[in-house]
1. Does region 52-66 include one or more residues that are within 16 Å of the ligand (Cβ to nearest atom), of a type in the set (A, V, I, L, M) and open to solvent by 10 Å² or more (accessible area, probe 1.4 Å)?
2. Which ones in region 210-228 are open to solvent by less than 60 Å² (accessible area, probe 1.4 Å) and outside any strand (DSSP E or B)?
3. Considering each residue of region 126-168, count those that are over 24 Å from PHE243 (Cα atoms) and among the hydrophobic types (A, V, I, L, M, F, W, C), and give that number.
4. Considering only region 60-83, state which residues are under 15 Å from VAL109 (Cα atoms) and touching a Gly at 6+ places or on another chain (Cβ under 8 Å).
5. For region 13-24, check the following and say yes or no: at least one residue is more than 16 Å from the ligand (Cβ to nearest atom) and either modelled with pLDDT under 95 or surrounded by fewer than 21 Cβ atoms within 10 Å (Cβ to Cβ) (or both).
6. What are the residues in region 90-113 that are among the aliphatic types (A, V, I, L, M), more than 16 Å from the ligand (Cβ to nearest atom) and not in a helix (DSSP H, G or I), if any?
7. Residue under question is HIS130, and the condition is that it be touching a Ser or Thr at 6+ places or on another chain (Cβ under 9 Å) and closer than 22 Å to ARG166 by Cα; does it hold?
8. Quickly run through region 144-157 and pick out the residues that are touching a residue at least 40 places away in the same chain (Cβ under 8 Å) and either open to solvent by less than 60 Å² (accessible area, probe 1.4 Å) or polar (S, T, N, Q) (or both).
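The values are calculated or read from the model by the stated rules, or taken from the named source; none is laboratory data. Bear in mind the structure is a predicted one, so any value in this text is a computation, not a measurement. Note: ideal-geometry Cβ built from the backbone for every residue, glycine included; neighbour counts use all protein chains shown. Note: areas computed on protein heavy atoms with side chains; ligands, DNA, RNA excluded. Shrake-Rupley method; radii C 1.70, N 1.55, O 1.52, S 1.80 Å.
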Amino acid sequence: MQQRWNSDAYARNGRFVAQLADPLVESLNPQPGEKILDLGCGDGFLTRRIAESGAQVVGVDSSPEMVAAARARGVDARRMNGERLSFEQEFDAVFSNAALHWMRNQDAVLKNVLQALKPGGRFVAEFGGHGNIAAIRVALLAVLIPRGITPSRIESNYFFTVSDYRSRLERGGFQVVQISLTPRQTPLPSGIDGWLNTFRHDLLEELPGGDRAAAMDEITNLLKPVLCDEEGKWTADYVRLRFVARRS
Ligand code: BEZ
């Protein structure tokens, strides 16, 4: 099932995602005049930042709400799913932040990215990797399975190891320049409530009114000892898979 996005909730609770992406943009090193594709551009906050380099940036996202929010920011944003891109050797680089873990058919995504790149073009991306949000996932499974929600519905992301993703990139026609998996404790400015209401909204909406609040309380109580400090500040257990690859 496709995740539905609320661009206002994302701006309130998910802005930290783009704010932590400076090192990834540095790795992309966009140059004036380059043509760059931002795959899974969301509300276009980072797309705009990349465009400040003087590069010509196109954003694509599968969510109509996010495409509308990106366009409102002045981004050339198009509604397109990474599994069904239709670009042919147009881009010097493809960039993607915190988006690939939402895409089920990675081999199709990699095929489309390869096809979108000019020969020698680069693919620079970061997303959740193996072990990402482990505590949050266990708490969701513990609270939602007894309420009749299936594990496959709860586990709606795809988190890969380095060796798995390296093989996929190489099989897909890329030369891997660099790839790493790094734990990154990530402060959640709106707490675990904000995170759950933004990224697991659809799942929690399946629960009837009173039970939603009870489930949120249970998830919060399970996570509090591991993700919340004595001052009440929440941190998510993110693990980032980051790579730079080139079209061979
Ligand atoms: C992430 O950025 O790692 C992430 C965000 C929301 C849901 C799952 C993963």
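1. Looking for residues that are within 16 Å of the ligand (Cβ to nearest atom), of a type in the set (A, V, I, L, M) and open to solvent by 10 Å² or more (accessible area, probe 1.4 Å), one finds none in region 52-66, hence no.
2. Going through region 210-228, the residues open to solvent by less than 60 Å² (accessible area, probe 1.4 Å) turn out to be 211-216, 219-220, 223, 227-228.
The answer is ASP211, ARG212, ALA213, ALA214, ALA215, MET216, ILE219, THR220, LEU223, LEU227.
3. 12
4. Residues satisfying the conditions are VAL60, ASP61, SER62, GLY82.
5. Pass one, region 13-24, residues more than 16 Å from the ligand (Cβ to nearest atom): none.
No, region 13-24 has no match at all.
6. ALA93, VAL94, listed by residue number.
7. Numbers: touching a Ser or Thr at 6+ places or on another chain (Cβ under 9 Å): yes; closer than 22 Å to ARG166 by Cα: yes.
When the stated conditions are applied, HIS130 passes them.
8. Within region 144-157, LEU144, ILE149, ARG153, ILE154, SER156, ASN157 meet the criteria.
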